[in-house]
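Have a look at the structure below, then the notes.
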Amino acid sequence: MSIKENLKHIINELQGKAELVAVSKTKTPKTIMEAYDAGQKVFGENKVQELIDKKDELPEDIQWHMIGHLQRNKVKYIAPFITLIHSVDSLKLLKAIEKEGEKNERIIECLLQMHVAKEETKFGMDEEELKQLLSSTEYLELKHVKIRGLMGMATFTGNMEIVRDEFRYLKKLFDQTYNSFFNGNPDFSILSMGMSHDYKIAIEEGSTMVRIGSSIFGERIYT
Ligand SMILES: *Cc1c(COP(=O)(O)O)cnc(C)c1O
């Protein structure tokens with residue numbers, strides 16, 4: 001199937017419940033343009049250098065999302081234009097984003113990444129760290145970042161019951177966080193969960209944003 005057909009199929013599956021971030025890591029600008037020409041305008045990358053290289057070669061109206069682990073010293077490269085950072089996992093990083101937001105005179109939208117998977121390798125905060133961050137006075141003083149919601153990745157497993165439980169837990173955490181810290185604030189509305197192999201389950205469990213790469217572009221080849 002072509003990229004265009006893949007996109008059409010996925011958008012149909014999403015039933016208007018979630019926004020699609022097309023994960024274009026390792027893909028060339030030419031391949032990305034195929035998705036762009038088919039109407040996709042939101043793309044996600046997981047490396048800063050790769051993201052800024054591609055941005056320079058591609059149309060201005062693409063909305064770029066940073067979905068991978070982000071080092072504080074690299075925030076400055078994406079701060080002028082990034083639409084959403086999915087991978088905020090500490091107050092330190094949030095403060096670095098604040099600083100660059102201020103320099104660029106913009107408010108940078110962020111998701112807090114939660115660790116729910118069994119793998120140690122995955123990044124993210126636990127429930128306690130999340131509460132501590134949101135209750136800290138330092139967080140409350142930040143004027144150039146806006147927390148739009150939570151992001152999480154399920155365990156990489158073929159056992160879909162484990163995946164479903166983790167997504168359900170993320171949704172519960174999202175609702176609790178809204179009630180405790182953002183009540184009445186419509187900005188806190190994004191739950192980013194679901195990838196190629198598990199997005200259908202993520203949607204069933206309340207995802208509002210999915211990050212999909214290989215089901216659109218085909219398997220990634222790392223060289
Ligand atoms: C690569 C990546 C995805 C997309 O993975 P696919 O399995 O190709 O859909 C989603 N989220 C993050 C954080 C990623 O790094």
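Rolling a 1.4 Å probe over the protein heavy atoms gives segment 27-165 an accessible area of 51 Å² per residue. Protection proxy ranking for 111-118, 88-95, using the average of other Cβ atoms within 10 Å per residue and placing the highest first: 111-118, 88-95. Divided by 2.2 N^0.38 Å, where N counts the residues, the Cα radius of gyration of the chain comes to 0.98.
Taking other residues whose beta carbon is less than 13 angstrom from the beta carbon of residue 169, and scoring Lys, Arg as +1 and Asp, Glu as -1, yields -2. Pop the C-beta distance of residue 2 and residue 69 into the FRET formula with R0 = 41 Å and round what comes out to the nearest 0.05. Efficiency at R0 = 41 Å is approximately 0.85. If you take the Cα centroid of segment 11-31 and the Cα centroid of segment 183-223, the two points sit 9 Å apart. Working from label points 7 Å from Cα in the Cα-to-Cβ sense, the residue 56 to residue 95 distance is 3.2 nm. Calculated [222 nm] ellipticity per residue, helices only, for the chain: -12000 deg cm²/dmol; basis is -39500 (n - 2.57) per DSSP H run with n ≥ 4, divided by all residues, nearest 500. Ignoring ligands, DNA and RNA, please state the percent of accessible area on segment 78-223 from carbon and sulfur, probe 1.4 Å. Percent of accessible area from carbon and sulfur atoms in segment 78-223: 51. Packing-based ranking of 191-197, 170-176, 123-129, 97-103 yields 191-197, 97-103, 170-176, 123-129, ordered from highest to lowest mean Cβ neighbour count within 10 Å. Based on the Cβ-Cβ distance of residue 47 and residue 176, what FRET efficiency does E = 1/(1 + (r/R0)^6) give at R0 = 35 Å, to the nearest 0.05? Using R0 = 35 Å, I get an efficiency of 0.60.
The values are calculated or read from the model by the stated rules, or taken from the named source; none is laboratory data. All figures in this text were calculated on a predicted structure; none of them were measured in a lab. Using ideal geometry, Cβ is built from the backbone for each residue, glycine included, and neighbour counts are taken over all protein chains shown. These area figures cover heavy atoms from the full protein model, side chains too; ligands, DNA and RNA do not enter into them. Shrake-Rupley method; radii C 1.70, N 1.55, O 1.52, S 1.80 Å.
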